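Worksheet: one structure, shown below.
The values are calculated or read from the model by the stated rules, or taken from the named source; none is laboratory data. Not measured: the values here are computed from a predicted model. Cβ coordinates were reconstructed from backbone atoms using ideal geometry, including for glycine residues, and neighbour counts include every protein chain displayed. Side chains included, ligands, DNA and RNA excluded: accessible areas come from the protein's heavy atoms. Shrake-Rupley method; radii C 1.70, N 1.55, O 1.52, S 1.80 Å.
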Amino acid sequence: GRLIRMLLEHSPPPQEMVLMVQREVAERITAQAQDMNLLALSCQLFGKPEIVLDVSRRSFAPAPKVDSAVIAIRGISGKRFRAAGLTPQEFFEIARAAFQSKRKTIANSLGKNLAIEKNTLFELLESSGINPHTRPEALSPEQWIILAKMIVRRNLLI
């Protein structure tokens, strides 16, 4: 995950990446809201990931215990961040804070990890159209951009 994020954030970024990863990782990278994680969010905001080929464990000698998949991340750019007036660093500071506390709601995670006052945070989330009791993995990439933009514009980052 760290390697993929490093490549996505590199300047200039590659236009496309084709990687073979564990099948489970490929499924996570291409997950939709409700099953999103930080890696999936990164890949989907920088480009368009898709699984292009399944690779059976029997294709290798010795055979590993897991199947693999080839993923392609196409159209890689930072334009979604630029259009929102965000830097990837600002965005991922917020996203990491939200995903840092497993099993917590977006309001509890951001309140604890970014030290944002609870009333301010609830107002911000509700004005973004996000239920404060939603978990971070349930937000779409578009909702993440809206939320991050509002946090940055209000100077709520530490």
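Overview of values
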{"quantity": "Complete set of residues in the range 21-59 that are part of a loop (DSSP other than H, G, I, E, B), out of contact with any helix residue (DSSP H, G or I) (no Cβ under 8 Å at 6 or more places or on another chain) and either modelled with pLDDT under 95 or open to solvent by 80 Å² or more (accessible area, probe 1.4 Å) (or both)", "calculated": "Gln32"}
{"quantity": "Of all residues in the range 60-80 being open to solvent by 80 Å² or more (accessible area, probe 1.4 Å) and within 19 Å of Glu27 (Cβ to Cβ), the one that is nearest to the chain's Cα centre (by Cα)", "calculated": "Arg74"}
{"quantity": "Hits in the range 1-20 - residues which are assigned to a loop (DSSP other than H, G, I, E, B) and open to solvent by less than 90 Å² (accessible area, probe 1.4 Å)", "calculated": "Gly1, Pro13, Pro14"}
{"quantity": "Residues that are of a type in the set (A, V, I, L, M, F, W, C) and in a helix (DSSP H, G or I), drawn from the range 116-137", "calculated": "Leu121, Phe122, Leu124, Leu125"}
{"quantity": "Meets criteria (at negative phi and touching a strand residue (DSSP E or B) at 6+ places or on another chain (Cβ under 6 Å)) for Ile94", "calculated": "no"}
{"quantity": "Odd one out for Ile73 among (1) in contact with a strand residue (DSSP E or B) (Cβ under 6 Å, 6 or more places away or on another chain); (2) free of Cβ contacts under 8 Å to residues at least 60 places away in the same chain", "calculated": "(2)"}
{"quantity": "Failed criterion for Ala83 (all others in (1) in contact with a helix residue (DSSP H, G or I) (Cβ under 9 Å, 6 or more places away or on another chain); (2) closer than 18 Å to Thr134 by Cα; (3) of a type outside the set (Val, Ile, Thr); (4) open to solvent by 20 Å² or more (accessible area, probe 1.4 Å) hold)", "calculated": "(2)"}
{"quantity": "Boolean, Glu137 is touching an Asp or Glu at 6+ places or on another chain (Cβ under 8 Å) and open to solvent by 20 Å² or more (accessible area, probe 1.4 Å)", "calculated": "yes"}
{"quantity": "Matching residues, the range 94-104, being touching a helix residue (DSSP H, G or I) at 6+ places or on another chain (Cβ under 8 Å) and open to solvent by 20 Å² or more (accessible area, probe 1.4 Å)", "calculated": "Arg96, Phe99, Gln100, Lys104"}
